[in-house]
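The values are calculated or read from the model by the stated rules, or taken from the named source; none is laboratory data. Everything numeric here is computed off the predicted structure, so don't read it as measured data. When we count neighbours, we look across all protein chains shown, and the Cβ atoms used for this are built from the backbone with ideal geometry, even at glycine.
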2 protein chains.
Amino acid sequence: MSDLLVNERTRVKRLPKRGAYDRATIDAILDEALICHVGFVVDGAPVVIPTIHWRDGDELYFHGSAASRMLRTLRDGVEACVTVTLLDGLVLARSAFHHSMNYRSVVVFGRARLVDEREEKLRALDRLVEHVVPGRSALVRGPNESELRQTLVLALPIAEASAKIRTGGPIDDAEDYALPVWAGVVPLTLTKGTPIKDETTGAATDSRGA
Amino acid sequence: MSDLLVNERTRVKRLPKRGAYDRATIDAILDEALICHVGFVVDGAPVVIPTIHWRDGDELYFHGSAASRMLRTLRDGVEACVTVTLLDGLVLARSAFHHSMNYRSVVVFGRARLVDEREEKLRALDRLVEHVVPGRSALVRGPNESELRQTLVLALPIAEASAKIRTGGPIDDAEDYALPVWAGVVPLTLTKGTPIKDETTGAATDSRGA
């Protein structure tokens with residue numbers, strides 16, 4: 001793992017006790033999350049787009065259509081900011097002011113590179129499927145040449161990055177603990193429900209549209 | 001409700017069928033989500049920060065410490081992009097290429113205004129607690145003068161905004177439906193667990209730190 005750059009951008013300034021800069025912490029958050037928010041600048045204004053991401057070693061990957069404005073913009077190596085947030089709980093305090101949330105977030109700054117070497121791109125797309133459902137990439141039909149052409153894959157170095165984490169219960173002002181109000185944490189978890197099998201057969205696909 | 005501005009920024013360009021521009025759809029997503037990602041530009045580079053948001057009528061609110069860089073930057077009326085994403089499911093197709101996710105997202109562009117009139121600010125902070133736990137704002141101790149001074153509240157008009165939504169099962173290529181691989185949707189839900197009561201009493205607070 002590479003050393004992380006802790007600088008004015010990545011250092012957690014508000015509530016610095018919540019900051020973490022070690023790769024194990026950062027990687028665990030990136031690996032658990034199913035979605036990231038990618039920020040970039042268009043005509044001087046910010047744009048933030050949700051997309052799926054995955055990690056391979058020291059790089060954070062994302063992908064999309066070759067027609068995607070986000071991918072085409074980032075392919076050119078402009079500055080990006082990718083943020084991943086896991087919500088862990090509602091923190092309900094005795095005062096409105098001390099309400100909070102438990103969360104684990106990561107911010108990665110940098111410039112992405114285009115992954116266009118064929119073998120590396122295939123590996124990356126396998127890792128994407130593995131990120132979502134481990135073991136599944138070997139079961140499904142892999143990308144054909146047309147699909148590879150239609151897909152852009154970008155990789156952002158996990159070099160200038162930091163995590164910010166809040167855990168635990170509410171911290172109230174001393175005099176508020178006597179208030180007769182329930183306080184504590186409501187845990188939040190992104191839960192998988194019962195899988196819904198797609199019963200569509202080939203003959204029926206035309207009527208479903210694309 | 002105001003009419004929404006559909007322009008080059010807000011129009012959903014990739015997969016336009018997934019775009020939605022009506023306020024009822026947009027508001028429902030904003031109201032359900034517990035977190036947003038706020039994008040802004042610092043020294044020409046994008047920054048994306050997760051924060052809690054809430055809606056009151058035609059405006060999207062967020063808040064934070066008066067010392068927060070994000071709040072201080074946005075208070076000056078620079079361009080912001082606020083994105084909210086709800087994950088609804090993993091869409092597992094028979095080919096790697098057609099894997100997808102079901103989601104509902106909203107992007108709001110604009111410039112925020114500082115909410116500094118006392119009554120409006122108090123109302124906004126009540127709405128924040130109500131957004132997280134309806135009915136709770138009347139139970140907890142409201143903000144005192146010091147807390148009000150420490151808190152910045154900003155409001156962004158929900159005027160230049162759009163939603164993007166994917167629902168339903170995988171759409172595979174016709175010839176892939178014969179493949180012997182499970183395909184379908186794994187639903188995802190942000191689930192509340194059993195609340196964990198904070199048993200701390202006033203006497204014990206000192207040892208917990210702040």
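Among the residues of the range A:26-33, are any touching a Cys at 6+ places or on another chain (Cβ under 9 Å) and modelled with pLDDT of 95 or more?
Yes, the range A:26-33 contains at least one residue that is touching a Cys at 6+ places or on another chain (Cβ under 9 Å) and modelled with pLDDT of 95 or more.
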Could you please find all residues in the range B:1-60 being among the hydroxyl-bearing types (Ser, Thr, Tyr) and assigned to a strand (DSSP E or B)?
B:Thr51
Please state which of the following conditions B:Asp198 fails to meet, knowing it meets all the rest: (1) at the interface with another protein chain (Cβ under 7 Å from one of its Cβ atoms); (2) among the acidic types (Asp, Glu); (3) loosely packed, with under 14 Cβ neighbours inside 10 Å.
(3)
Within the range B:64-86, count every residue that is facing chain A (nearest Cβ under 7 Å), assigned to a strand (DSSP E or B) and either modelled with pLDDT under 90 or more than 19 Å from A:Phe40 (Cβ to Cβ) (or both).
1
Options A:Thr51, A:Thr85: the member that is free of Cβ contacts under 8 Å to residues at least 24 places away in the same chain, touching a Phe, Trp or Tyr at 6+ places or on another chain (Cβ under 7 Å) and not charged (D, E, K, R)
A:Thr51
It is to be established whether one or more residues within the range A:87-102 are polar (S, T, N, Q), buried (at least 22 other Cβ atoms within 10 Å of the Cβ) and in a strand (DSSP E or B).
no
Which is at negative phi and at the interface with another protein chain (Cβ under 7 Å from one of its Cβ atoms), of B:Leu190, B:Leu156?
B:Leu190
Lone unmet requirement of (1) under 17 Å from the mean Cα position of the chain (by Cα); (2) more than 7 Å from chain B (Cβ to nearest Cβ); (3) not aromatic (Phe, Trp, Tyr) for A:Gly135
(1)
Of the residues that make up the range A:42-56, is at least one under 30 Å from B:Thr189 (Cβ atoms), out of contact with any His (no Cβ under 9 Å at 6 or more places or on another chain) and hydrophobic (A, V, I, L, M, F, W, C)?
yes
List pairs: first in the range A:139-159 and within 14 Å of A:Val115 (Cβ to Cβ), second surrounded by 18 or more Cβ atoms within 10 Å (Cβ to Cβ) and acidic (Asp, Glu), Cβ under 7 Å, 6+ apart or cross-chain?
A:Ala155/A:Glu59; A:Leu156/A:Glu59; A:Pro157/A:Glu59
